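Engineer: Provided herewith is a single structure, encoded as structure tokens, for subsequent inquiry.
Read-outs: derived from the displayed coordinates by stated rules, not from any lab. What you see is a predicted model, and the numbers here were worked out from it, not measured in a lab. All Cβ positions, glycine included, derive from the backbone under ideal geometry; neighbour counts span all protein chains shown.
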Amino acid sequence: MLFRSTGLGKTEMAADIEKLERQGDYLILRVRTTDPVVWKVRVALSFKDIATVLKALVRFSVIGFMLSPSQWFKKKAEHPGDF
């Protein structure tokens, strides 16, 4: 997973998802950045946030990406360029 932030300028951070767990009315997504710094980032997702993500996932472009056999067997994803 790659992160970019307007607060970091052009800096790009690589990260791995560590855990997704329920805490009260939220799902907590725990992410560990690995490059250029090691940080633990936590995101609290409400029901409304999750509904927004699910709506985005049912678009044809996303479904096509997920069902593409070439994606399943790639060892490493190609860099997305400037995102």
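Engineer: Is it fair to say residue 80 is surrounded by fewer than 10 Cβ atoms within 10 Å (Cβ to Cβ) and under 16 Å from the mean Cα position of the chain (by Cα)?
Structural biologist: Taking the combined requirement at face value, the residue satisfies it.
Engineer: Looking at segment 56-80, I want the residues that are more than 24 Å from residue 12 (Cβ to Cβ) and in contact (Cβ under 8 Å) with a residue 24 or more places away in the chain and have a partner that is of a type outside the set (Lys, Arg) and not in a loop (DSSP other than H, G, I, E, B) with Cβ atoms under 6 Å, at least 6 apart or on another chain. Which pairs are those?
Structural biologist: none
Engineer: If I filter segment 1-25 down to residues being charged (D, E, K, R) and closer than 16 Å to residue 45 by Cβ, which single residue comes out as surrounded by the most Cβ atoms within 10 Å (Cβ to Cβ)?
Structural biologist: 18
Engineer: For segment 7-17, give me each residue that is assigned to a strand (DSSP E or B) and either touching a residue at least 40 places away in the same chain (Cβ under 8 Å) or over 18 Å from residue 50 (Cα atoms) (or both).
Structural biologist: Hits for segment 7-17 are 12, 13, 14, 15, 16.
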